[in-house]
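The values are calculated or read from the model by the stated rules, or taken from the named source; none is laboratory data. Just so it is clear, the model here is predicted, and its values are computed rather than measured. Counting neighbours? That spans all protein chains shown, and the Cβs are built from the backbone with ideal geometry, glycine included.
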Amino acid sequence: MGFLGLCDGDPVVEYLRSTFGANIVRIPRASLSPPQVLAARQGETKTMGQLGDILVDASTFTLDAGDLHDEPAPPVLAQKTRSVSVDLGLDILGGLLQGFGIPNVGLGGAFAPTSAIAFTFHDVHRVYLEPNRLGRMLRDCTVDRANPATMLYFQDRSPWRLLLIDSVLTSPGFTVTASRSASKSGHVDLPTLQQLVSNVTTNVAVSSAVSSQVSFTGPERLTFAFTCLEAVLDANARIVGLAGHGQRVRVLGRAGSTAAASVPTHLNGVLLSDDPAMLDLEDGMGQ
């Protein structure tokens, strides 16, 4: 639960938040993909599983192979992030490595205490479901209130928000760059990191082109950021709309209406933190 705060002014973070309304996850995971369900309330966000599992009739929602689009992300996401202090950098690095199944221990010995740390993600792709298509797929879909997993969306006091992931940003790995100042490179102890990784797995490659950098590459693409839209429900638990950040866009008419309203091809996602931060996701229904 919670967030790892990031510094203002980072061009990569600002682009993710302002252009996409994207949330950055502290521990990347391969399982995050559209159109998975999230529950959010008061700083907590939980992954809840597949949308079809909470609908009265799962056959009303079908995802075809061509519905998901996979394309290279804008070049700005391949830029190096702003350097952060070694303490914050190690916290970030520890979370990224946990996505590869590598424990967050022993990292500090590979970096000098005075180092600043920056990150660069490799071969970033955006996988997305267009809002118009998602809106059409949601027509006539009703959340099953008899499913125990949905009760948190219908609580009388402080109900959870029902969110649908509509896009993710994925990468197979990243590079860490250490520096001592704006003009002086730092040093990364490559053997220490290679030993740390080899003690746990042989599936993650650890390499270095220069002494101030180290790269980690895993066997699969992991989601490090995602966008989500809030499902708007009517009194009968029918999904009648989608809401993005700072706006509420009507996708379907209210109960009894058969008219579908137009949705823009790009709708900024719901930001789950007011300030730049990396999000901790919980699994399941822990209260």
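Here are some residues: Leu90, Leu63, Leu38. Which one is crowded, with 21+ Cβ neighbours inside 10 Å and either closer than 21 Å to Arg126 by Cα or not polar (S, T, N, Q) (or both)? Exactly one of Leu90, Leu63, Leu38 is crowded, with 21+ Cβ neighbours inside 10 Å and either closer than 21 Å to Arg126 by Cα or not polar (S, T, N, Q) (or both), namely Leu38.
Looking only at segment 232-287, residues that are at pLDDT 50 or above, farther than 30 Å from Arg29 by Cβ and crowded, with 18+ Cβ neighbours inside 10 Å come to 2 in all. Within the option set Ser85, Ser115, being within 25 Å of Pro11 (Cβ to Cβ), among the polar types (S, T, N, Q) and in contact with a Gly (Cβ under 9 Å, 6 or more places away or on another chain) holds for one residue only, Ser115. Taking residues in segment 53-65 that are under 10 Å from Asp144 (Cα atoms), and partners anywhere that are loosely packed, with under 10 Cβ neighbours inside 10 Å and not aliphatic (A, V, I, L, M), not one pair has Cβ atoms closer than 8 Å while being at least 6 places apart or on different chains.
Among the residues making up segment 1-27, a single one is more than 20 Å from Gly43 (Cβ to Cβ), buried (at least 18 other Cβ atoms within 10 Å of the Cβ) and among the β-branched types (Val, Ile, Thr): Val12. Among residues of segment 110-161 being among the polar types (S, T, N, Q) and not in a helix (DSSP H, G or I), the one that is nearest to Ile24 (Cα to Cα) is Thr120.
Filtering segment 10-29 to residues that are of a type in the set (Ser, Thr, Tyr) and farther than 10 Å from Val76 by Cα leaves Ser18, Thr19. Taken over segment 173-199, the criterion of being surrounded by fewer than 14 Cβ atoms within 10 Å (Cβ to Cβ), of a type outside the set (D, E, K, R) and part of a loop (DSSP other than H, G, I, E, B) is satisfied by Ser181, Ala182, Ser183, Asn199. The set of residues from segment 95-107 being of a type outside the set (S, T, N, Q), part of a helix (DSSP H, G or I) and more than 11 Å from Leu196 (Cβ to Cβ) comprises Gly95, Leu96.
Within segment 1-20, residues that are closer than 19 Å to Gly244 by Cβ reach partners that are part of a helix (DSSP H, G or I) with beta carbons closer than 7 Å, at six or more positions or on different chains, in the pairs Tyr15/Val76; Tyr15/Leu77.
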